[in-house]
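Scroll down for the structure; my scribbles are underneath it.
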Amino acid sequence: MRTRTITRALGATALTLGLGMVAVACGDDDTSGAATESSTTEHNDADVAFASEMLQHHAQALSMVDLTVERPLDPEVTALAEQIRAAQGPEIETFTDWLTEWDEEVPETMRDHANAGHDMGDMGESMEGMDTSMPGMMTAEDMTALQDAPDSEFQATWLEMMIEHHTGAVELAKAQTENGQYKPAIDLAEDIVAAQTAEIDTMQGLLSTS
C-alpha cells in the first residue's frame with residue numbers, strides 16, 4: 001500500500017506530493033507497532049500479557065535458583081544462580097507493581113504455593129494451577145525431577161533446564177518489544193533479551209565443561 005501511495009504522489013503536483021508524504025507517514029504510525037507508538041503512560045494488552053507471563057516465568061526461575069542452595073556446584077554456577085536471583089527478584093516486583101497500577105489481576109506463582117525460602121516442599125504441589133504452556137516453562141514433573149536429581153547429575157540438569165527457561169523468556173521479551181506500548185515495559189524487555197541471551201551463552205559454556 002505504501003508503494004502505491006508514493007507512486008501516485010510522484011505523478012501529482014508538489015502540494016499533492018506533500019500531502020502524500022504526510023499520508024504515508026500517518027500510515028507508518030498506524031502499522032509500525034511499539035517502536036513509534038510507545039507511551040510512558042498508556043499500556044495495551046501486550047503489556048499486560050508480558051507482565052503477567054513474565055512474573056510467573058521469573059518466579060519459576062527463582063524456584064530453580066533456590067534448588068541450587070547447598071548443592072555441590074562449581075563456583076561459576078553458584079555465582080550465575082545468584083546473579084539470576086539478583087536480577088529477577090526486583091523485576092518480579094516491577095511486574096507486580098505494573099499490574100496493580102493497571103488494575104489488572106496479579107497471577108499466582110509457584111512461589112505463592114511454596115515456602116518462599118529454601119524449604120521448597122513438594123515441587124509438584126507448588127505448581128498446582130500454574131500455566132506451563134508459556135515458552136520455556138518447566139512442568140511439575142520437570143521441577144520434581146530437578147529437585148530429586150542426585151548431586152552428580154544436578155548441575156548439568158539445572159544448566160540444561162535454565163537454558164531452556166531463559167530461551168523461553170527471551171521469546172516472551174521479544175514479543176513485547178514488537179507488540180507492547182508501555183515504554184518502561186518495552187525497555188525492560190530489551191534488557192531481558194540482552195541479559196538472558198548473555199547468560200545462555202555463559203551456561204552453554206559451563207555445560208560444555210561440566
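Things to note:
- Taking each residue as 0.36 nm, the span from residue 85 to residue 164 lengthens on full extension beyond its C-alpha to C-alpha distance by 26.7 nm.
- In this structure, the amide hydrogen of residue 39, modeled 1.01 Å from its nitrogen in the peptide plane, lies closer than 5 angstrom to those of 182, 183, counting only residues at least 5 positions away or on a different chain.
- In this simple spin-label approximation, residue 148 and residue 178 carry label points 7 Å from Cα along the Cα→Cβ vector, and these lie 3.8 nm apart.
- Residue 69 paired with residue 204, simple spin-label distance in nm, labels 7 Å along Cα-to-beta-carbon: 3.2 nm
- Here the 3J(HN,Hα) profile of segment 196-210, calculated from phi with Karplus coefficients 6.51, -1.76 and 1.60 at θ = phi - 60°, is 6, 5, 5, 5, 4, 4, 4, 5, 4, x, 5, 5, 5, 9, 6 Hz, Gly and Pro shown as x.
- The modelled label-to-label distance for the pair residue 108/residue 40, using points 7 Å beyond Cα in the direction of Cβ, is 3.8 nm.
- Take 193-205, 162-174 and order them by the average number of nearby Cβ atoms within 10 Å per residue, most first; the result is 162-174, 193-205.
- Peptides 57-64, 141-148, 39-46 ranked from most to least packed give 57-64, 141-148, 39-46, packing being the mean of other C-beta atoms within 10 angstrom over each peptide's residues.
All of the numbers you see were taken from the coordinates with simple rules; none came from a lab. Note that this is a predicted model, so its numbers are computed, not measured. Glycine also receives a Cβ, built like all others from the backbone with ideal geometry; neighbour counts cover every protein chain displayed.
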